[in-house]
1. Mind telling me which of the residues E57, E41 ends up being in contact (Cβ under 8 Å) with a residue 12 or more places away in the chain and assigned to a loop (DSSP other than H, G, I, E, B)?
2. Does any residue of region 225-233 turn out to be β-branched (V, I, T) and surrounded by 21 or more Cβ atoms within 10 Å (Cβ to Cβ)?
3. With the structure loaded, tell me whether G194 is in contact (Cβ under 8 Å) with a residue 60 or more places away in the chain and under 11 Å from V344 (Cα atoms) or whether it fails that test.
4. Please specify each residue of region 46-86 satisfying the condition of being of a type in the set (D, E) and under 35 Å from the mean Cα position of the chain (by Cα).
5. For region 277-288, how many residues meet the condition of being surrounded by fewer than 20 Cβ atoms within 10 Å (Cβ to Cβ) and farther than 15 Å from M249 by Cβ?
Amino acid sequence: MPIEYVYTEPEEVMCLKIKVPVVLAEEEVQVLVDSTVTLPELAKKVDHIDAKVEDLEAEPVFIHESIGHWFPKINHEWKHHFKHIVGHVAVVKKIIVSGVLHKQIFYVNNRDEVKHFAENVPFTKMIDLKEPQAVLREDDVMVQFPKPKFDITWELVRASRLHQVGVIIVRVKVVEERQIFVQLCPSPELCPPGNLLEDPGFEQWAGNVPIFWGATANVAPTTVARTGSFAAELGVTDPASTAAIFQTMRRAVAPARAYKLTFWARENVAPVSPVSAFNLVAEVRFFDRNGVQIDGAVQSIGSVNIPDNNYQQFTLNIPVSPAGARTALVRFTFNPATGNTNTVKLDDVSFECIGGFPT
């Protein structure tokens, strides 16, 4: 399943309130831990020191200031969340980091024995945020941090006195859980089933204008249909002029999918001195999210290949849609040659996704 995808919303959408963590600030805290310890016996040298940070905690420090002072500083996308606050607002300005540096000191005594000695050094560090942040609720604010990094150096000052300097680095994030509304999108299907076209049988017309299709003036409905009550006839006004009918799909069009366009066509022969000299061009064109055409497929069918006594099915396959595809255009164009007198009828068009893999 893809991490993200483009979803063209219907007229109504469902929204759900959820709580999400919002990062308000991110800081690097460096704590210097300096200690001198007396070993339990005389030592020739310190072999090594193992250490880890235990009981690490980080707490935000709040102050309360006038909301009038802070409201202009709040990011635009969050301003409406603070509109209900009057008087004072909580502001996080500092962070207190505390913990214990636990050390296991391994040394060599005068008998050349390796011994170890444990030491716990508590530490606390308060830092100022570079940019203080107003918050909605103090109880929803927390400080997150990954595993800290540290480094320890040491010097055996005398045979039993050990001086150590530890540097602890903690990357902290100040996070507030805030409630927002999100739009619920359907789970993206690899290939949504069914025909992606609206009114594929050309049943809906307003006079000579198809309601769900775009068309030139040289297109009109006909009752000589394969199924239903109507079909579309191209070249009906002037068989010697070009005609086109088309539809754009913004739903379920995506890259790396296989699509199939099928349609039924029939030639209409003129009753007097018929001349059959035209091509029917079927096209599928893909466009990116900016409306720029990026690729497509085309099939040109000569009039000699279209029967004049019954409908015949034709198919145009698109093995893979191009990268960046977001919308698709299905278009049929009637291109007559000089002297043509016949027209062509279309019915039962289908544009389906038949396979592929998401990018």
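1. E41
2. No.
3. no
4. E57, E59, E77
5. Count: 3.
Yes or no, residue by residue, for (1) out of contact with any strand residue (DSSP E or B) (no Cβ under 6 Å at 6 or more places or on another chain); (2) in the same structural domain as T36 (by TED's automatic domain parsing); (3) closer than 30 Å to D47 by Cα; (4) surrounded by 13 or more Cβ atoms within 10 Å (Cβ to Cβ):
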site: N110; (1), (2), (3), (4): yes, yes, yes, no
site: E119; (1), (2), (3), (4): no, yes, yes, yes
site: T124; (1), (2), (3), (4): no, yes, yes, no
site: F145; (1), (2), (3), (4): no, yes, no, yes
site: F150; (1), (2), (3), (4): no, yes, yes, yes
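Yes or no, residue by residue, for (1) surrounded by 14 or more Cβ atoms within 10 Å (Cβ to Cβ); (2) under 29 Å from F181 (Cα atoms):
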| residue | (1), (2) |
| --- | --- |
| D34 | no, no |
| V37 | yes, no |
| D47 | no, no |
| D50 | no, no |
| A58 | yes, no |
| K79 | no, yes |
| H84 | no, yes |
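Rundown of residues vs (1) surrounded by 11 or more Cβ atoms within 10 Å (Cβ to Cβ); (2) at pLDDT 90 or above; (3) out of contact with any Ser or Thr (no Cβ under 9 Å at 6 or more places or on another chain); (4) on the phi > 0 side of the Ramachandran plot, yes/no style:
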{"position": "P10", "(1), (2), (3), (4)": "no, no, yes, no"}
{"position": "V31", "(1), (2), (3), (4)": "yes, yes, no, no"}
{"position": "I63", "(1), (2), (3), (4)": "yes, yes, yes, no"}
{"position": "H76", "(1), (2), (3), (4)": "no, no, yes, no"}
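The values are calculated or read from the model by the stated rules, or taken from the named source; none is laboratory data. Given the structure is predicted, the values throughout are model-derived calculations rather than measurements. So basically every Cβ, Gly included, is an ideal-geometry build from the backbone, and we count neighbours across all protein chains shown.
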